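J.: Sending over a structure as structure tokens; questions will come in a sec.
FYI, it's all coordinate maths here, none of it is from the lab. Please read all numbers here as calculations on a predicted model, not as lab measurements. Note: ideal-geometry Cβ built from the backbone for every residue, glycine included; neighbour counts use all protein chains shown.
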Amino acid sequence: MNTRFFNGIRKTVDAFVTVLFIVLVIIVFIQVLFRYVFQNALPWADEASRYCFIWLIYVGGSITVRKGMNITFDILLDSLPEKIWKITFSVVNLCCIAFLAVVIYLGIILCQTNLVQSSSILHLNMGLVMLAIPLGSVLMLIEQVFYCINKLKEGKNPAVSETDE
């Protein structure tokens with residue numbers, strides 16, 4: 001595995017998510033300012049913030065997976081013996097990977113279906129808007145595989161193992 005390549009992708013994802021978050025905050029601030037101060041809502045701001053949020057969630061999800069911050073039952077898993085923990089951890093992660101593969105497949109179909117549609121106000125191609133689903137899911141799947149491999153190499157949660165001794 002070319003870690004330099006994947007580190008480049010990770011840095012790009014981090015920068016992209018940061019830019020998306022800043023753009024989202026600015027758009028929402030402008031929207032609130034115009035709606036409540038100037039009493040004149042901007043119709044494009046709602047749609048733009050929604051699409052920024054969609055991209056932020058799907059692409060940002062890969063950062064969550066990379067850092068191991070997705071929802072888990074650590075108390076239950078950490079109480080298991082090492083061998084059973086590895087089996088359970090592997091099965092759970094294989095289920096996550098299978099789920100992401102299904103989301104990628106269905107996301108591609110969704111993109112293809114929506115290529116002929118455009119958004120009502122910004123006139124963006126909805127296929128490109130929906131591209132966040134398969135793209136973000138591919139990034140999450142890659143991170144899930146790396147996370148699973150690294151965690152299995154480490155063994156049980158190191159923080160728990162140190163406190164138990």
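J.: Spin-label point model (7 Å from Cα, Cβ direction): what's the Ser118 to Ile9 distance in nm?
T.: 3.3
J.: A follow-up question, please. For the Cα atoms of the chain, what angle does the longest principal axis make with the long axis of helix 3-32, in degrees from 0 to 90, nearest 10?
T.: 40
J.: Excluding same-chain pairs closer than 8 in sequence, count the lysine pairs in the chain whose Cα atoms lie under 20 Å apart.
T.: 11
J.: With a 10 Å radius around each residue's Cβ, average the other Cβ atoms per peptide and rank 51-57, 123-129, highest first.
T.: My ranking of the peptides, most packed first, is 51-57, 123-129.
J.: Still on this structure: What is the helix-to-structure angle for 43-66, meaning the angle in degrees between its Cα long axis and the longest Cα principal axis of the chain, kept from 0 to 90 and rounded to the nearest 10?
T.: Taking Cα atoms only, the helix is inclined about 10 degrees.
J.: Based on the Cβ-Cβ distance from Glu154 to Ile22, what FRET efficiency comes out when R0 is 25 Å, to the nearest 0.05?
T.: Values: r = 34 Å, r/R0 = 1.37.
With a Förster radius of 25 Å, E is 0.15.
J.: If R0 is 22 Å, what FRET efficiency do you get for Thr88 and Ile63 from their C-beta distance, rounded to 0.05?
T.: Once the sixth-power term is evaluated, E becomes 0.35.
J.: Using the Cα atoms of the chain to build a convex hull, what is its mean projected area in square nanometres?
T.: Details: hull surface 50.8 nm².
So the mean shadow area of the Cα hull is 12.7 nm².
J.: So how do Arg10, Arg35, Arg4 line up by other beta-carbon neighbours within 10 Å, fewest first?
T.: Details: Arg10 18, Arg35 14, Arg4 7.
Lowest count first: Arg4, Arg35, Arg10.
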